[in-house]
Amino acid sequence: MKKLAINSIKPAWALAALALLAAAWFGWNGWQATASGQLQAGSDGLRTSVGTQATAALQSAVEQLESRRVKIALATALQRDDTDAASKLVTDGWQGVEAVEWHDPGLETGYADPKAFGYGKLGVLELALQDNATRAAVVMDAGGPRLALAAPVLADGRVLALAYVRLPLETLTAPLEAASVPDKTYLALRQGRRSVVERGDASLANAAEFGAVKLPGTQLRVVSAAPVSDGTSSAMTEFLLAGLCLVVAAGLVLQPRLKGLRRRPAGEGTEEADASAGPTLAELQSAGKLQPPEPAPTAAAAAPGKPAPVRAALDRSIFRAYDIRGVIGKTLDAETARLIGQAIGSAMQAQDARTIVVGRDGRLSSPQMAEALIEGLRQAGREVIDIGAAPTPVVYFAAYHLRAGSCVSVTGSHNPPDYNGFKIVIEGETLAGDAIQKLYERIAENHLYLADNPGMVSRRDVTEDYISRIAGDIQIERKLRVVVDCGSGIAGGIAPQLLEAIGADVEPLFCEVDGNFPHHHPDPSDPANLQDLVNVVKRVDADLGLAFDGDGDRLGVVTKSGEMIYPDRLLMLFAADVLERNPGACVIYDVKCTGHLAMHILRHGGSPLMWKTGHSLIKAKMRETEAELAGEMSGHFFFRERWYGFDDGLYAACRLLEILSSRGETPQEVFDTLPKGVSTPELKIQVEEGRQYTFIEDFLAKAKFEGARLATIDGLRADWPDGWGLVRASNTTPVLVLRFDAKDAEALERIKNLFREQLLAVDPSLKLPF
């Protein structure tokens, strides 16, 4: 019997030893994870500290030049062509300045030989001229990298010269050079894709972009990285597993002894020992004294005010540059919409924003998406005003009209029927870029606010309010007959009534709302989608044809002759009208617009500013510059004069009819007075999802356009004296977008050939549409 007992103990000891080894393993992993976390925290803190110091140093330098460029004495010296005196006015009292240069606003010297002049120098001078402000960049100059500042000097609204100030690179990099960088971490100052200064372990460079500290007004940023622990579990999880293994080991060691006590014959041992043994687990169960454990609380029963567990995986690709957009049933469903609503509500909670308007387009999936979104918003404690089916600009209007300040339009815009998405405004700011990515991070990291009590939801129809607000300000001077093609989009429910309310004679075309879009795709930027409109305008002898996209925030126009009036030419007409009442106002246009537009704005006394494509990005730039008007080649128009500054195709149509009705000429004759070259519509190259971004990176690195003036604020635009070409990545669909414009057909063909050669040099597999 003794031998049998010893043999039965051996397996238990072996298992206990294995459990101890596992405990040691998990403990080691926990220590490693703790060390990694401490390194990461230190790296993050160092990045923030260095970024703050570098920002302060940069802002100090910018303020030095900004304060000097507005001096009357400086303008006077430049008007006398006394550049020595002008340079002395800049350098006096400013330590560290290596050189001051003065350049003509046309930058003819730079563009004559950009390589010799310096691409970086030319770029920062061009940026300062475009933004009418002091701009900074790290450039190659005087044999090495330098901090360069550039600013225009004005007199009577005219640019006299561009100031270029060269400073030692250490002006900017001193905080990074002085920083104590821990072993096995990485710290760098980057501009674009190039590292200006690197410290630490360069093998971590590829993982350093997350959390980058951007230096305002530049492409510079401070980045850092630390090693990531090998495991996927947290340190706490590893230590808990180590503790569990120790408990198991102890149990295995003590098990034989406990069994021996439990099996001791009657009369052996004391009464106290028998009593202390107590009932067995089986006895408790048979007596009904041991109940099964309570089930874990579900997400719905989570504690109020605490993060709610995420119940659905997210596809990060739907969180795009200026909205959220995905394919129903593949990358977007009701649960995802609910989580997005709760994330938006959580962001509002952080800003103490209480009320939000929700509207939806006419897609078949939109009611379900809107319902789920509202549920998530209410879970975050937001008060929701549901305005039902409405174009996106009407949703924006409702946020102002109802004093909510925030809104979400559930819409797939001009995308195919199986798409849907969300355009989001919080406290007057249209979410884009990092703000949209932060919604994803809230969901992925489960930083979702759950209110003690769900928010209330109310329903309101603002259609009549919207029509009354516009018709109360705009009444056309003479009746114009217009054909309105809504492509079965949501604008069909309001556009005919609105245009009739301002005095137009309206012929509706495809104005029934149908989420299948049975007649044609609701995208007025594609000439193929306007052919039905052209035919009807001719058949009924209308003055004009107007087309709207799927959610009504974009406008397309055709004339009686069948000509498509591109949005950049419409923007010329709008600019001339707005500048009559607002001389000197800033007018913003995107990189796809014609080169004639800037000169047209200047001739009418305005200040042109080219910016990145994207409705959210344009609206943000309008807020920054207080521009009165903006427009995109896609047909988005933004009026701050007499309106609210958001993109509104319906309102733009009313302003267009107001202008045309005040002129004695026919609409065609009015358009014929606008500068016009030979141009292509938007051309699109289909690529794999995400490839559009990597292609543009490759193209920027490899493409060469001799004699062209290059702009890279959004893709690459090459301007020659007789025309230009552009290629950029779409932020809404996996395509490359191209456009070409020239003074004549010969120049257009030459520019297209140059781009064709460079595009195929980067990727020979591209199927070019030109």
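The values are calculated or read from the model by the stated rules, or taken from the named source; none is laboratory data. Source: prediction; values computed, not measured. Cβ: placed from backbone, ideal geometry, glycine included. Neighbour counts: every protein chain shown. To get the accessible areas, we keep the full protein, side chains included, count just its heavy atoms, and leave off ligands, DNA and RNA. Shrake-Rupley method; radii C 1.70, N 1.55, O 1.52, S 1.80 Å.
Values as computed for the structure displayed
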| read-out | value |
| --- | --- |
| Residue list for region 692-732, restricted to those being assigned to a loop (DSSP other than H, G, I, E, B), under 30 Å from Pro416 (Cβ atoms) and open to solvent by 30 Å² or more (accessible area, probe 1.4 Å) | Ile713 |
| Which listed residue, of Ala151, Ala188, Ala179, Ala174, is under 27 Å from Ser49 (Cα atoms) and within 31 Å of the chain's Cα centre (by Cα) | Ala188 |
| Boolean, Ala212 is in contact with an Asp or Glu (Cβ under 9 Å, 6 or more places away or on another chain), small (Gly, Ala, Ser), at pLDDT 75 or above and under 30 Å from Leu700 (Cβ atoms) | no |
| Test: residue in region 69-92 that is within 35 Å of the chain's Cα centre (by Cα) and either free of Cβ contacts under 8 Å to residues at least 12 places away in the same chain or under 14 Å from Ala163 (Cβ atoms) (or both) | yes |
| Which numbered condition Gly405 fails, given (1) within 25 Å of Gly329 (Cα to Cα); (2) out of contact with any strand residue (DSSP E or B) (no Cβ under 6 Å at 6 or more places or on another chain) | (1) |
| Test: residue in region 510-526 that is more than 19 Å from His414 (Cα to Cα) and open to solvent by 50 Å² or more (accessible area, probe 1.4 Å) | no |
| Any hit, region 486-496, residues being of a type outside the set (Gly, Ala, Ser), farther than 26 Å from Ser409 by Cβ and at pLDDT 95 or above | no |
| Where Cys654 falls short, out of the listed (1) buried (at least 21 other Cβ atoms within 10 Å of the Cβ); (2) touching an Asp or Glu at 6+ places or on another chain (Cβ under 6 Å) | (2) |
| Any chance Asn415 is part of a strand (DSSP E or B) and either under 23 Å from the mean Cα position of the chain (by Cα) or modelled with pLDDT of 95 or more (or both) | no |
| Which numbered condition Pro416 fails, given (1) open to solvent by 20 Å² or more (accessible area, probe 1.4 Å); (2) under 29 Å from Gly515 (Cβ atoms); (3) in contact with a helix residue (DSSP H, G or I) (Cβ under 7 Å, 6 or more places away or on another chain) | (3) |
| Among (1) of a type in the set (Gly, Ala, Ser); (2) closer than 26 Å to Gly614 by Cβ; (3) touching a residue at least 24 places away in the same chain (Cβ under 8 Å), the one test that Ser662 misses | (2) |
| Every residue from region 582-605 that is of a type in the set (D, E, K, R) and free of Cβ contacts under 8 Å to residues at least 24 places away in the same chain | Arg603 |
| Whichever residue in region 215-241 is under 26 Å from the mean Cα position of the chain (by Cα), among the aliphatic types (A, V, I, L, M) and not in a loop (DSSP other than H, G, I, E, B) and, among such residues, is modelled with the lowest pLDDT | Ala225 |
| Residue pairs meeting the criteria (Cβ under 7 Å; at least 6 apart or on separate chains; first under 15 Å from Leu738 (Cβ atoms), in region 679-700; second in a helix (DSSP H, G or I) and open to solvent by less than 90 Å² (accessible area, probe 1.4 Å)) | Pro681/Pro527; Val687/Phe695; Phe695/Val762; Phe699/Val762 |
| Neighbours by Cβ (under 8 Å, 6+ apart or cross-chain): first from region 383-404, farther than 18 Å from Pro367 by Cα; second open to solvent by 30 Å² or more (accessible area, probe 1.4 Å) and of a type in the set (A, V, I, L, M) | Glu383/Met456; Glu383/Val457 |
| Matching option when the condition is crowded, with 20+ Cβ neighbours inside 10 Å, among the aliphatic types (A, V, I, L, M) and outside any strand (DSSP E or B), among Leu533, Leu546 | Leu533 |
| Qualifying residue in region 476-491 (condition: open to solvent by 70 Å² or more (accessible area, probe 1.4 Å), closer than 24 Å to His401 by Cα and not aromatic (Phe, Trp, Tyr)) | no |
| Positions within region 171-194 being buried (at least 16 other Cβ atoms within 10 Å of the Cβ) and part of a strand (DSSP E or B), in sequence order | Tyr186, Leu187, Ala188, Leu189, Arg190, Gln191 |
| Matching option when the condition is open to solvent by 10 Å² or more (accessible area, probe 1.4 Å), small (Gly, Ala, Ser) and within 16 Å of Ile356 (Cα to Cα), among Gly428, Gly455, Gly433, Gly472 | Gly428 |
| Residue within region 367-382 that is closer than 26 Å to Ser525 by Cα and polar (S, T, N, Q) present | no |
| Subset of region 86-112 (residues that are out of contact with any Pro (no Cβ under 7 Å at 6 or more places or on another chain), open to solvent by 30 Å² or more (accessible area, probe 1.4 Å) and small (Gly, Ala, Ser)) | Gly93, Gly106, Ala112 |
| Breaking point among (1) open to solvent by less than 60 Å² (accessible area, probe 1.4 Å); (2) modelled with pLDDT under 90; (3) β-branched (Val, Ile, Thr); (4) under 30 Å from Leu215 (Cα atoms), for Val70 | (1) |
| Breaking point among (1) more than 18 Å from the chain's Cα centre (by Cα); (2) buried (at least 21 other Cβ atoms within 10 Å of the Cβ), for Trp611 | (1) |
| Selection within region 128-148 - aliphatic (A, V, I, L, M), under 28 Å from the mean Cα position of the chain (by Cα) and surrounded by fewer than 18 Cβ atoms within 10 Å (Cβ to Cβ) | Ala133 |
| Enumeration of residues in region 436-452 that are assigned to a helix (DSSP H, G or I) and open to solvent by 70 Å² or more (accessible area, probe 1.4 Å) | Lys438 |
| Given (1) within 25 Å of Glu665 (Cα to Cα); (2) in contact (Cβ under 8 Å) with a residue 12 or more places away in the chain, number of the condition Glu500 does not satisfy | (2) |
| Number of the condition not met by Phe637 [criteria: (1) aromatic (Phe, Trp, Tyr); (2) closer than 23 Å to Arg478 by Cβ; (3) open to solvent by 40 Å² or more (accessible area, probe 1.4 Å)] | (3) |
| Where Glu689 falls short, out of the listed (1) in a helix (DSSP H, G or I); (2) farther than 29 Å from Trp720 by Cβ; (3) modelled with pLDDT under 95 | (1) |
| Segments classed as strands (runs of 3 or more DSSP E), wholly inside region 312-410, with at least 3 members that are open to solvent by 10 Å² or more (accessible area, probe 1.4 Å) and closer than 19 Å to Arg460 by Cβ | 383-389 |
